[in-house]
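Report on the following structure.
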Amino acid sequence: MIASEIAAVLKINSNFALSAHINPDGDSLGSMLALYNVLKAMGKNVKVFAGDSLPSNYSYLPGYDSIVNYSEDMDEEFDVFIVVDCGSFDRTGKCSCLSEKSKISINIDHHLTNSLFADYNLVDSNSSAAGELIYQIIKLMGVDIRKEEALCLYTAIFSDTGGFRYSNTTSVTHQIAGDLINTGINFSNIYELIYRNYSLNDVKIMGKALSSIELYSDAKIAYMELLLSDLGDLNLEDVNTSEFIDYARDINTVEVALFVKQVKADEYKLSFRSKNYVDVRKICEKYGGGGHAKAAGCTITGELCDFRDAVIKDLQQALEDGGR
Ligand code: 5GP
Ligand code: MN
Ligand code: MN
């Protein structure tokens, strides 16, 4: 499916439901809200749904307050259900049943792990962010990108490229960012809003996670964990932990970092990052997750002591396979 065909489908339909992946990040929220704002401006009926609670540091995004926590007993039907930045219907959480309540489904994504689950699939793993694809679709619709969409798309691209630092950043990424900046958005404070916006509770929880770091395999693997039993009177509920792993990855000897975050008594969210040659997506797919070669994740149910060593072994094997 090419972007122009999706642009045509968006133009001719009038009733839309939008969603993205659970544990939403800057790309999923920014991409979804850019589409929301542009379709609204075109006079369409648009609902934007989340299957999860939202990180509050993205509350500056236009349309953020319109996001509705989806409930399965909602009976509204739609012409088109658009899923952005998401590899499968399952990853939309509660929103997955919107596919049965819509005539057409569209999947716009940039993950290598994508099951081409919709009627129309635009999946391009060369795009740094789903936001790049949404930018192209809006352009192909022949609609002006206003400040509202620009702020959302800039945020989407900024967050998935780590502020234009990661190797997924291309000249196209910068050209799109330049075009978005030309709309007059206040882009220089976005980094502060997203990443330098901590409460004392956030920083103390980060401290707990950082102090758990252990290194393996000649310090090429960094392992970090955050267990519910570590928290004491700190509150994990509203803490955005997504960038904690960067500190483990940034250790100068490290090629691959793993962050294990306990979310329930028997449920753990694993985040993986690599620098150069380890494909962490392959390891995550083994555990039912996925993502990109250098940033991927999965959820494991069970006891940490039953899978911790096995996952570290997988990382050691991946280092060996990489021949380093
Ligand atoms: P994070 O570690 O920040 O949660 O996720 C890193 C990347 O992997 C993101 O692109 C995210 O969408 C993807 N990812 C994280 N967890 C999962 C998962 O359980 N399944 C799949 N398919 N992708 C995931
Ligand atoms: Mn994402
Ligand atoms: Mn993304």
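The values are calculated or read from the model by the stated rules, or taken from the named source; none is laboratory data. Model, not experiment: these values are computed from the prediction. Cβ: placed from backbone, ideal geometry, glycine included. Neighbour counts: every protein chain shown. Heads up: the accessible areas ignore ligands, DNA and RNA and are worked out on the full protein's heavy atoms, side chains in. Shrake-Rupley method; radii C 1.70, N 1.55, O 1.52, S 1.80 Å.
Assign one of three labels to segment 1-93, namely rounded, prolate or oblate, based on the Cα gyration tensor with a ≥ b ≥ c the square roots of its eigenvalues; rounded applies when a/c is under 1.5, prolate when it is not and a/b is larger than b/c, and oblate otherwise.
Rounded.
Please label the shape of the chain as rounded, prolate or oblate, based on the square roots a ≥ b ≥ c of the eigenvalues of the alpha-carbon gyration tensor (a/c under 1.5 means rounded; beyond that, a/b larger than b/c means prolate, else oblate).
prolate
At 222 nm, what value in deg cm²/dmol follows for the chain if DSSP H runs of at least 4 each add -39500 (n - 2.57) and the sum is divided by all its residues, to the nearest 500?
-10500 deg cm²/dmol
Got a sec? Charge dipole of segment 210-316, +1 on Cβ for Lys and Arg, -1 for Asp and Glu; which of L231, A265, V311 is way out at the positive end?
After comparing all options, I get V311.
Under 17 Å Cα-Cα from K282, which lysines qualify once same-chain neighbours fewer than 8 residues away are excluded?
K269, K294, K313
Mind checking the dipole of segment 208-276: about its Cα centre, +1 per Lys or Arg Cβ, -1 per Asp or Glu Cβ, Debye to the nearest 20?
Dipole size: approximately 240 debye.
Counting only heavy atoms of protein chains, what accessible area per residue, in Å², does the chain have with a probe of 1.4 Å?
Roughly 44 Å² per residue, with all protein chains present.
May I ask for the distance between the Cα centers of segment 61-119 and segment 290-305, given as a whole number of Å?
One Cα centre to the other: 22 Å.
List the cysteines of the chain that have no other Cys Cβ closer than 4.7 Å: which are they?
Cysteines lacking a close Cβ partner in the chain: C86, C95, C97, C152, C305.
Can you bin segment 3-195 into rounded, prolate or oblate? Criterion: square roots of the alpha carbon gyration tensor eigenvalues sorted a ≥ b ≥ c, rounded for a/c under 1.5, prolate for a/b above b/c, oblate for the rest.
Note, shape of segment 3-195 comes out rounded.
How big is the dipole moment of the chain about its Cα centre under a simple scheme where the beta carbon of each Lys and Arg is +1, that of each Asp and Glu is -1, and everything else is neutral? Debye, nearest 20, please.
Once rounded to the nearest 20, the dipole reads 700 debye.
Separation of segment 241-280 and segment 138-175 by C-alpha centroid, Å?
The two parts, judged by their Cα centres, are 25 Å apart.
What is the angle, in °, between the Cα long axis of helix 130-140 and the longest principal axis of the Cα atoms in the chain? Nearest 10 is fine, range 0 to 90.
It is inclined by approximately 20 degrees.
Select from segment 75-166 those trypsin sites (Lys or Arg not before Pro) which occupy a DSSP coil region and have at most 11 other Cβ atoms within 10 Å, ordered by residue number.
R165
So how many Lys-Lys pairs in segment 21-140 land under 23 Å Cα to Cα, not counting same-chain pairs under 8 apart?
Total qualifying Lys-Lys pairs in segment 21-140 comes to 11.
Given a 1.4 angstrom probe, I'd like the percentage of the accessible area of the chain that is carbon and sulfur, rounded to a whole number.
C and S atoms contribute 47 percent here.
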